[in-house]
Amino acid sequence: MVIYLDVLALINLAMDYLLLLATARIAGVFTPRPRLLFGAVLGAVYAVCAVLPATVFLQHWSCELVAGAAMVALVFSECKGRLIRIEVVFALVSCACAGAVMALGQATGAVLRVNGMYYLDVPLRIVVPAALLCWCASGLLFRGAAGRDGGERPSVMVEIEFAGKRAVFHLLCDTGNTLCEPVSGRPALLIDRYAAARLFPAELVGVLNGLRADNAGVQMACLPEAWRTRFCLLPYRAVGQSSGLLLAFRPDQVQVQDGKTVCQLAAISADRFAGGRYDGLIGI
């Protein structure tokens, strides 16, 4: 059988992207699309290398296992506390998709997999429906299922006012969130940078877009001079990380849904919470 490397690369690029996307949906984690595409490119490169005569040993199941685990680890590197769970989800989704493709191949007599790699030896109308079916079943019907610890967790609606703008945020109540001001000890809430963009004026949105987990100090220096007195750096500790800094701001007012005024400081996270189902965290 003649295998065209360009076709092999494109098919595995598309399939790996869908598998990673479904994994993110099931695990309930938010991952930027460029990162998913990067992982899919790595999977496509592996698929091409596996069929070359000099590297045919890559077709062994142990090599496939290591390659898949490495791809997931790179794509979901920010989810250190749940990486093993995500690895398992990816393995299950991959097995489900491979089984569906093999079943479809048996039913149609078409060759859809070659040496463990996805390959298109038939029209797109056969493989694409199989991939979409698996993605819909895993990514839509069970979206966020592996990311939940069982049942809906308590949450509150919080209204924040800043610089004349008001916005309502859906915050997850977290007993483990002990974030607070280091001097006064008053609790601080935490919202992601995407949610904060709804509250900030246009000249501050660019700073939010560049915020990452390790550059809060750099972004603090990038703030316009007129706004720097409204912001500060808030130290924190998290599981798997001894210490770090969060960019934080002082709202004009913070009210929870029952009308009580709470935290006077709001920190900004570079990452979304629970796959974007919540805008942030608040301690209880």
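What the table shows:
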| item | result |
| --- | --- |
| Inter-centroid distance (Cα atoms) of segment 155-188 relative to segment 197-212, Å | 18 Å |
| Distance in nm between pseudo-label sites at Asp271 and Leu233 (7 Å out along the Cβ direction from Cα) | 2.1 nm |
| Additional length obtainable on full extension of the chain from Ser62 to Val183, 0.36 nm per residue less Cα span | 38.2 nm |
| Net +/- balance of residues flanking Ser94 in space, Cβ distance below 11 Å, scoring K and R +1, D and E -1 | -3 |
| Around Leu20: net Lys/Arg minus Asp/Glu count, Cβ-Cβ under 11 Å | +2 |
| Dimensions (Å) - segment 173-284, Cα atoms, principal axes, largest first | 35, 33, 32 |
| Arg198 versus Ala163: modelled label distance in nm, points set 7 Å from Cα along the beta carbon direction | 1.8 nm |
| Length added when fully stretched, Cys49-Arg212, from 0.36 nm per residue minus Cα-Cα | 55.3 nm |
| Charge sum, other residues only, whose C-beta stays under 13 Å from Val207's C-beta, Lys/Arg counted +1 and Asp/Glu -1 | +2 |
| Segment Val156-Asp252, length gained on full extension (0.36 nm per residue, minus Cα span) | 32.6 nm |
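Values in this text are rule-based calculations from the coordinates and carry no lab data. Just so we're clear, the structure is a prediction, and the values are computed from it rather than from any experiment. Cβ: placed from backbone, ideal geometry, glycine included. Neighbour counts: every protein chain shown.
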